[in-house]
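Q: Structure provided below as structure tokens; questions to follow.
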Amino acid sequence: MSLEQLITNCKKNDARAQSQIYKLFANKLFSLCLKYSKNYVEAEDNLQDTFVTIFNKINQYKGKGSLEGWMKRIAVNTALQRYRTAGVFDIVNEDQIEDVTVDIDDDDVSIDFLLKIIQELPDRYRLVFNLYALDGYSHKEIAEMLEISSGTSKSNLARARLILKDKIEQFKATLSSQYL
Amino acid sequence: MSDKKNIDRLFQEKLKDFEATPSDAVWENIHNTLHNKKNKKRRVIPIWWQLGGVAATLLLILTISGVFNSNTDSKSDSIKTVVDNTENTNNTVVSNGSEKNNDNNNDIAPVYNPEEFGVENKSNDPTSNLNKASDETKSSYASTINTKNTPIYSKENKNTSITKTTVKEAIASAKEDSNKLNDQTQQSNSNIIKNKLNELLKTDTKGSKVVSTGSENNDNIQKTDSVNAITSIALNEDKNLKENALENAIAKANDEQQNEKEEELKNRWSVSPNVAPVYFNTLGNGSSIHNQFNDNIKSGDVNMSYGITGSYAINDKLKVRAGLNKVDLGYSTNDVIFYNNPETVLGLSLNTPQSDNTRIQNINYRSESANVSFISASSLSLNNTPEIIKENSLASLDQQFGFIEIPVELEYTVLDKRLGINLIGGFSTMFLSNNEIYVLSNSGDRTLIGEANNINDMSYSANFGIGLNYGLSDKFNINLEPMFKYQINTFNNTTGNFQPYFIGVYTGLSFKF
């Protein structure tokens, strides 16, 4: 069955079509949920809420843009909804913001480790880092989505990068000490 | 090969093709959420609407008939008929229209009792009608179930005997389950069971062709589908497999139905004790006591009303609610002259004969106050009035009455935030519980002189209002509801343009469960 046909059937609340759509996209959206959530359980909650929203609102999807893009936006919004009112207002001097680089071999770190340290970030840092660095939103867009100023978005991103860098470097240190 | 890497790029590259598989429970939850909710929306609400409609119609009929009666029957007629009906005819004193001075409380009491009987019978009407209505719907459900079952039985005779027993079992248990349900959800749930059965059976046949008989009735098509599905199972699989499939289907249907019930009941009900200051007055010039007071200034009293209201949310916009309130009302007719002994004022030049003006037909006097007479100060020429009367006898007539009020109202949600706004409309049925008339002299003495005989024991009001509520938590709300209640047939022999109403600002704390 074509994707269009599946969407049409989903609009009729057809359980089998919904199941097919879920099977097609669950893995991709779950990885996104994992990145935006602080742990596995919360990611599953977000995924569940995301799909419920998707199937309830599927009539609003008019075929402009890819279905996957539309679904991803819903997933991101679902994740943001959870933290919209959480307030962390660290102000960082914007002069401090520079490219944070880390001296590391690609193969040294696993995906699981990277995911773990993303999830360990404070809520707002994690969201800003995901939105800006991984999903390509601008600071202006992030500011609107999170109801913060774009200055806050920038400083949150800088903090997030520094924390991630520290953790990777610590990890490297423990690795090299193991080899000694 | 270690090199300096931008940290963003590191994450981007590593996580680019990252995918993860969620546990199966996630999909089950999604599926349950979607399909339970949809079923609820589609099937349960219309039944509530129907019941709500029946209730509203009954209320309307009661109200109209009430207004009609009060317009055509005079007070004495209605008392007479009630007395006749209840066979309590040992007392006929008041039935003549109570013009005599020697009416006293003992005479009145037995008359009011039979009238209350009449009231009670009347008030039982709507409930018995409601029962009837729900019985009717019940039996119609039953008949639809039966007619739906018939094609299955007739079909299965043509099939193998093996299918016969299993189908019978399935239907028997499905029936049993649907019997357990309450009246409102009976039809919807048995539909769900049947749909689930069809759905699951169809899946189990794995695409084996389902033949439709081409019957015009949709239900029949559905049913024959399921029968054909069962037949093809019988052909494809052995008896055990088939029994398992059916048992699973039924078990699953039971589970879903259980879930749905729980979901439905969640926080639909709320109960709210409330208290309100109420202000009574009349819209036009007129008097409930006597026509000579039509143009006197009336001042409304502020009294209290308190009670409890229960409400049921039909959906997220609409609530039905009913309650029980005690409400006290009252107003004063100012500038009234009263005097105790008729002889002392015979010398006064009264504009109209004494018998018309000074004895008031709408009051049943206490024996102690039998000699008290009233006239409106405006009917006296002040020049002729002796000083002693002006000083000592100027008073106001203070009429107090109380009701047990049963409001039935609809509440429509306009704004559903932490601070919510609702529009409220409905009716109240009011049962008279207190009825007194006092004289309040300018010197401050307050004397009970009797009670009004033209207040109906049962009357109605049309209610409008705005509700504000503020959420303290998920369970508790503070409510503030300014309400306007227009009384429809509270008084019988009013003069002038007497249109009583009262305004109350109801405050309460509601608890959802």
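The values are calculated or read from the model by the stated rules, or taken from the named source; none is laboratory data. Only a predicted model underlies this, so the values are computations on that prediction, with no experimental measurement involved. Neighbour counts are summed over all protein chains in view; Cβ atoms, including those assigned to glycine, are modelled from backbone coordinates with ideal geometry.
Q: Out of all the residues in the stretch A:148-165, which are aliphatic (A, V, I, L, M) and within 14 Å of another protein chain (Cβ to nearest Cβ)?
A: Listed by number, the residues that qualify are A:157, A:158, A:160, A:162, A:163, A:164.
Q: Residue check: is residue B:436 surrounded by 15 or more Cβ atoms within 10 Å (Cβ to Cβ), more than 17 Å from the chain's Cα centre (by Cα) and charged (D, E, K, R)?
A: Taking the combined requirement at face value, the residue satisfies it.
Q: Checking the structure you have, find out if any residue of the stretch A:17-33 is within 9 Å of chain B (Cβ to nearest Cβ) and farther than 30 Å from residue B:12 by Cβ.
A: Looking for residues that are within 9 Å of chain B (Cβ to nearest Cβ) and farther than 30 Å from residue B:12 by Cβ, one finds at least one in the stretch A:17-33, hence yes.
Q: Here's a follow-up. Considering only the stretch A:131-147, state which residues are crowded, with 20+ Cβ neighbours inside 10 Å and facing chain B (nearest Cβ under 9 Å).
A: Matches in the stretch A:131-147: A:132, A:133.
Conditions tested, residue by residue: (1) in the same structural domain as residue A:160 (by TED's automatic domain parsing); (2) of a type in the set (D, E, K, R); (3) buried (at least 21 other Cβ atoms within 10 Å of the Cβ); (4) within 25 Å of residue B:8 (Cβ to Cβ).
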{"site": "A:8", "(1), (2), (3), (4)": "no, no, no, no"}
{"site": "A:25", "(1), (2), (3), (4)": "no, no, no, no"}
{"site": "A:51", "(1), (2), (3), (4)": "no, no, yes, no"}
{"site": "A:61", "(1), (2), (3), (4)": "no, no, no, no"}
{"site": "A:69", "(1), (2), (3), (4)": "no, no, no, yes"}
{"site": "A:72", "(1), (2), (3), (4)": "no, yes, no, yes"}
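Q: Going by what's in this entry, would residue A:91 be described as under 16 Å from residue B:10 (Cβ atoms), at pLDDT below 90 and not charged (D, E, K, R)?
A: no
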